[in-house]
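Colleague: What follows is a single structure, and I will ask about it in a moment.
The numbers here are math on the coordinates, done by the rules we state, and not lab data. Keep in mind that this is a model prediction, so the values were computed, not measured. Glycine gets a Cβ as well: all are built from the backbone with ideal geometry, and neighbour counts include every protein chain shown.
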Amino acid sequence: MSKFDLFDFNHALPIINEDTEFFPLFTQQDEDDMTSEELPEVLSILPLRNTVLFPGVVIPITVGRDKSIKLIKEAYKGDRTIGVVSQKDMSIEDPAFNQLHTVGTVAMIIKMLQMPDGNTTVIIQGKQRFRLKEEVQSDPYIKASIERFVEQKIKKEKEFNALISSIKELALQIINISPNIPSETGIAIKNIESPSFLINFISSNMNADLTFKQDLLEMKDIKQRANRVLEQLTAELQLLELKNQIQNKVRVDLDKQQRDYFLNQQLKTIQEELGGSTPDLEIEELRKKSLQKKWGKDIAFHFKKELDKLSRINPAAADYSVQLNYLELLIDLPWNEFSKDNFDLKRAEKVLDKDHYGLEKVKRRIIEYLAVLKLKRDMKAPILCLVGPPGVGKTSLGKSIAKALNRKYVRMALGGVRDEAEIRGHRKTYIGAMPGRVVQSIKKAGTSNPVFVLDEIDKVGNDFRGDPSSALLEVLDPEQNSAFYDHYVEMDYDLSNVMFIATANSLSTIQPALLDRMEIIEVNGYTIEEKIEIAKKHLLPKQREQHGLSAKDITLKSNIIEKVIDEYTRESGVRGLEKRIGALVRGAATHIVMEHPIGPAISQKEVLDILGAPVYDKDSYETNDVAGVVTGLAWTQVGGDILFIESSLSPGKGKLTLTGNLGEVMKESAGIAMAYLRAHAADFNIDFELFEKWDVHIHVPAGATPKDGPSAGITMLTALASSFTQRKVRANLAMTGEITLRGKVLPVGGIKEKILAAKRANIKDIILCKSNKKDIMEIKEDYIKDLTFHYVNEMSEVIDIALLGEKVKKPLDLSIKK
């Protein structure tokens with residue numbers, strides 16, 4: 001119903017079909033006549049949510065509450081008399097007795113209908129007013145004791161008759177000028193003779209709020225009630241007349257617009273037939289949109305110039321679509337349009353902690369950025385580069401940062417990008433020219449300050465079409481990206497408010513100049529404890545949701561998750577762990593569908609049945625049974641790993657043989673280790689002649705896997721010293737570090753990944769360079785509490801720690817016996 005419409009008779013009309021008894025819309029019965037009827041002491045009370053029932057008025061209501069349905073059905077079987085009271089608060093679903101108005105209306109149930117949609121519709125007629133006294137029962141529905149609502153008698157006087165006549169006249173005027181009210185309604189109002197029913201009927205159907213109608217119901221003086229109704233009708237008539245005036249003015253304006261549009265369409269058709277240009281409807285639309293943009297004067301001038309150029313181009317020409325696309329891009333770009341940052345640091349911490357377990361360094365850096373931005377407001381966004389092995393959550397971390405900052409999120413995959421135009425765009429003169437992917441992503445985000453993830457920045461290639469890494473230099477330089485130039489846009493675009501987050505697996509392939517522009521944050525692998533928590537909080541719920549299972553269908557205990565980690569995965573991240581958990585969930589789903597559920601808690605036997613035999617056996621890494629075998633720690637692109645350095649002596653002429661697919665750096669480390677051992681043979685009580693009469697063979701198992709790096713220096717030297725002295729290496733010991741000819745131990749990288757690999761292999765003692773102690777301090781103490789670290793500076797310290805037994809007083813007899 002329109003705000004200006006007085007009556008809504010549709011809800012008051014009965015629903016007619018073959019089974020419905022016809023009844024009149026109103027009875028024209030004086031309220032004085034109805035109050036003479038006997039009033040029961042206790043009534044069943046039906047609360048009404050959005051209407052007020054007046055005496056004599058017939059309305060249909062839809063009953064939905066269980067209590068109300070039970071009340072209606074019992075009353076319909078009995079005398080069909082109920083009490084109808086409006087509730088004070090419409091939002092309450094099940095109102096109590098004290099939440100009802102005190103004055104209501106006795107109603108008679110005329111008809112109860114079961115609707116096709118399952119709802120129950122009841123047609124009721126108001127009889128007389130009553131006042132609630134006290135509640136008799138509250139369940140299954142409200143019953144209350146009532147008393148008659150005493151009203152003042154109607155005095156038949158000229159003033160009152162004139163008042164009723166004015167009400168009827170105003171109502172008829174409103175009906176006549178309201179297009180939504182049928183004319184038959186006026187005839188019905190003319191035929192109403194009872195003054196009290198006329199007031200009740202109009203009060204029930206007028207466009208007023210429930211509070212106003214309830215006030216009318218509670219008025220004892222009918223003359224006062226009539227005056228309030230007259231005031232409301234007068235206000236409604238004035239509003240309705242004003243509405244009609246406004247509509248007439250709008251209709252005249254629309255008629256003129258329609259006429260202009262019709263003439264323009266005719267002109268367009270005529271010009272197309274003559275081969276001329278079409279009317280500039282698209283141009284006008286672009287001009288209107290440009291007025292709403294927040295760009296500067298230089299951009300506005302450039303856009304106007306390009307728009308004028310478009311208006312001079314024949315639409316049939318190929319340049320027309322090129323120019324049109326260019327202007328539409330300028331319109332779609334979010335010039336100086338920013339999303340509002342959320343500076344609630346506690347909320348940001350909660351978002352980051354909820355989405356990612358661990359990664360404390362990254363989270364702390366984001367909170368620092370938010371804190372400074374909150375204080376300064378115009379801080380240039382940093383260029384963060386998250387470096388770490390696959391599967392540790394670098395890319396998904398970008399989404400969490402966007403959520404924490406309340407910014408838009410866009411991602412651009414750089415893996416395999418070889419064309420510079422992918423970054424800077426093509427010039428408009430080329431066929432099929434397009435803007436660069438940076439500008440396209442900003443357009444997609446719709447704001448000038450999104451969180452922009454540059455994924456796999458270390459895998460950018462280059463060929464004869466240019467070097468994309470060099471094109472990224474301007475994008476990722478905080479001092480230059482405030483005026484980023486795209487070849488297609490031909491205008492400087494401000495990227496200084498964009499928060500760029502680059503991801504990479506290795507820094508070695510990133511151009512040094514590009515690397516210098518970014519803030520490097522290492523995202524190392526997870527410990528077993530962290531992986532267990534990640535599996536519980538993230539991986540298992542995600543897999544259950546993807547496979548249609550719930551927590552009651554499958555759960556994984558910590559020891560089961562640890563078994564999967566130890567025996568079926570060998571990685572720094574959790575991508576492989578997620579696949580294994582997915583296999584367990586699929587196995588549980590299969591058993592459920594085949595009606596052979598395996599129970600919510602997966603056992604070790606069921607893990608073996610679903611995943612098969614263990615892929616990795618950590619027992620083989622625990623002991624070094626013979627002299628000359630040393631366990632080393634290595635870094636790989638998928639995390640840390642352990643490797644064995646094996647050395648053996650055989651009769652010969654002092655030849656050094658290296659096998660195991662070693663790189664140049666590892667070969668040099670072997671040569672340095674051999675040279676150092678020869679130079680310090682006396683320190684280890686090794687007969688120098690042994691170097692001339694015995695060949696040395698160093699082998700690194702897994703010969704099909706390429707290996708390189710300086711980290712195996714001290715491992716190779718320990719293996720050689722063990723072979724020449726025949727002292728075994730301590731069990732459960734691993735080491736990593738670079739050596740020099742002087743016997744110095746140098747620090748190496750990838751310490752956290754290497755420590756995780758050592759812990760997976762059940763290694764207890766680790767030898768490191770003292771300079772690597774700072775890397776250990778960044779790891780939580782709880783994760784390394786079972787490990788013992790030996791920090792060294794000299795190779796002699798490594799030999800003393802690693803080799804079992806005391807130094808022999810004389811050289812070992814390794815001579816060839818005849």
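Colleague: Between LEU48 and residues 5 or more places away or on another chain, which pairs have amide H atoms under 5 Å apart, with H built 1.01 Å from N, and which residues are they?
Modeller: VAL85, SER86, GLN87
Colleague: Here is a further query. Between the alpha-carbon centers of region 745-778 and region 696-739, tell me the distance in whole angstrom.
Modeller: 16
Colleague: Give the residue list of trypsin sites (Lys or Arg not before Pro) in region 629-681 that are DSSP loop and have at most 12 other beta-carbon atoms within 10 angstrom. It would help to have the intermediate numbers written out before the result.
Modeller: Values: sites: LYS653, LYS655, LYS667, ARG678; in loops: LYS653, LYS655.
Here the sparse-neighbourhood loop sites are LYS653, LYS655.
Colleague: Can you compute the charge dipole magnitude of region 619-802 about its Cα centre, using +1 on each Lys and Arg Cβ and -1 on each Asp and Glu Cβ, nothing else charged? Give it in debye, rounded to the nearest 20.
Modeller: 140
Colleague: A further question on this structure: So for region 281-332, what are the equivalent ellipsoid semi-axes in whole Å, largest first, each being the square root of 5 times an eigenvalue of the Cα gyration tensor? Mind dumping the intermediate values first?
Modeller: Values: eigenvalues 74, 22, 17 Å².
Gyration-tensor ellipsoid for region 281-332: 19, 10, 9 Å.
Colleague: Another question about this same structure. Residues with beta-carbon under 10 Å from that of SER400, excluding SER400: net charge, scoring Lys, Arg +1 and Asp, Glu -1? Intermediate results must be reported in sequence, preceding the final value.
Modeller: Numbers: positive: LYS354, LYS363, LYS399, LYS403; negative: ASP353, ASP355.
Taking every Cβ under 10 Å from that of SER400, the sum is +2.
Colleague: Hey, any idea what Rg/Rh is for region 619-802, computing Rh the Kirkwood way over Cα pairs? If you can, show how the numbers build up before the last one.
Modeller: Values: Rg = 15.5 Å, Rh = 16.3 Å.
Here Rg/Rh amounts to 0.95.
Colleague: Measuring from label point to label point, each 7 Å out along Cα→Cβ, what is the PHE262 to ASP117 span in nm?
Modeller: 4.1
Colleague: To continue, here is another question. Which whole-Hz ³J(HN,Hα) couplings does region 173-189 yield from phi under the Karplus relation 6.51 cos²θ - 1.76 cosθ + 1.60, θ = phi - 60°, glycine and proline marked x?
Modeller: So the J values, rounded to whole Hz, are 5, 4, 5, 5, 9, 9, x, 8, 9, x, 5, 5, 5, x, 4, 5, 5.
Colleague: With the cut-off at 22 Å, tell me which of the pairs LYS542/LYS754; LYS88/LYS143; LYS361/LYS531; LYS289/LYS444 have Cα atoms farther apart than that.
Modeller: Table pairs above 22 Å Cα-Cα are LYS542/LYS754.
Colleague: Using the crude model of +1 on Lys and Arg Cβ and -1 on Asp and Glu Cβ, and no other charge, please compute the dipole size for the chain relative to its Cα centre, in debye to 20.
Modeller: So the dipole magnitude of the chain works out to roughly 1620 debye.
Colleague: Evaluate the charge dipole of region 625-675 about its Cα centre and quote only its size in Debye, nearest 20, assuming +1 on the Cβ of each Lys and Arg and -1 on the Cβ of each Asp and Glu.
Modeller: With only Lys, Arg, Asp and Glu charged at Cβ, the dipole is about 260 debye.
Colleague: Apply the Debye scattering formula to region 528-616, with a single equal point scatterer on each alpha-carbon and no solvent, then give log10 I(q)/I(0) at q = 0.14, 0.19 Å⁻¹.
Modeller: Cα-only, vacuum Debye calculation for region 528-616: -0.42, -0.79.
Colleague: Would you work out which of LEU556, VAL593, LEU611 lies farthest towards the positive end of the dipole of region 528-616? Charges go on Cβ: Lys and Arg +1, Asp and Glu -1.
Modeller: Of the listed residues, the answer is VAL593.
Colleague: Now, a different point. Separation between the LYS780 and GLU169 pseudo-spin-labels, each 7 Å from Cα along Cα→Cβ, expressed in nm?
Modeller: In this crude label model, LYS780 to GLU169 measures out at 8.5 nm.
Colleague: Report the calculated FRET efficiency for GLU285 and ASN176 (r = Cβ-Cβ distance, R0 = 30 Å), to the nearest 0.05.
Modeller: For GLU285 and ASN176, the calculated efficiency is 0.10.
Colleague: Still on this model: Could you estimate the translational diffusion coefficient of region 340-460 from the Stokes-Einstein equation, with Rh from the Kirkwood formula over C-alpha pairs, at 25 °C and 0.890 mPa s, in whole µm²/s?
Modeller: Details: Rh = 15.9 Å.
For the chosen part, D equals 155 µm²/s.
Colleague: What residue among SER165, ASN119, THR102 has its Cα farthest toward the positive end of the dipole of region 98-252, where the charges are +1 on Lys, Arg and -1 on Asp, Glu, each on the Cβ?
Modeller: Result: SER165, furthest along the dipole toward the positive end.
Colleague: Also, I was wondering about something else. Return the distance in nm (one decimal) between the two label points of a simple spin-label model at GLU93 and LYS305, each offset 7 Å from Cα along Cα→Cβ.
Modeller: 6.5
Colleague: Moving on. Return the aspartates and glutamates within reach of LYS190: Cα separation strictly under 18 angstrom, same-chain partners fewer than 8 residues apart disregarded; answer none if there are no such residues.
Modeller: Reachable aspartates and glutamates: ASP8, ASP30, GLU169.
Colleague: Would you mind checking the tilt of helix 66-77 against the longest principal axis of the Cα atoms of the chain, expressed as 0 to 90 degrees and rounded to 10?
Modeller: 30
Colleague: With r defined as the distance between the Cβ atoms of LEU787 and ARG347 and R0 fixed at 25 Å, what FRET efficiency is calculated, to the nearest 0.05?
Modeller: Step by step, r from the Cβ atoms, then E = 0.10.
Colleague: Just to check I understand the Karplus step: with θ = phi - 60° and J = 6.51 cos²θ - 1.76 cosθ + 1.60, what whole-Hz values come out for region 466-480, glycine and proline as x?
Modeller: In residue order, the calculated couplings are x, 10, x, 4, 5, 5, 6, 4, 6, 5, 9, 9, x, 8, 10 Hz.
Colleague: Determine the sum of side-chain charges near GLU490: Lys and Arg each +1, Asp and Glu each -1, restricted to other residues whose C-beta is under 13 angstrom from that of GLU490.
Modeller: Every neighbour counted, the sum reads +1.
Colleague: Computed FRET efficiency, Cβ-Cβ of LYS653 and ALA613, R0 30 Å: what is it to the nearest 0.05?
Modeller: 0.05
Colleague: Translational D (Stokes-Einstein, µm²/s) of region 669-761 at 20 °C and 1.002 mPa s when Rh comes from the Kirkwood sum over C-alpha pairs?
Modeller: 147
Colleague: Using only the alpha carbon atoms of the chain, find the Kirkwood hydrodynamic radius as the inverse mean reciprocal pair distance, in angstroms to one decimal. Could you put the intermediate results ahead of the total?
Modeller: Details: mean 1/r = 0.0277 Å⁻¹.
Here the Kirkwood hydrodynamic radius works out to 36.1 Å.
Colleague: Related question: Hey, got the Cα dimensions of region 589-728 along the principal axes, in Å, largest first?
Modeller: 75, 28, 23
Colleague: Any idea which of ASN685, VAL451, ILE192 is furthest toward the positive side of the dipole for the chain, if Lys and Arg beta-carbons carry +1 and Asp and Glu beta-carbons -1?
Modeller: Looking along the dipole axis, the top candidate is ASN685.
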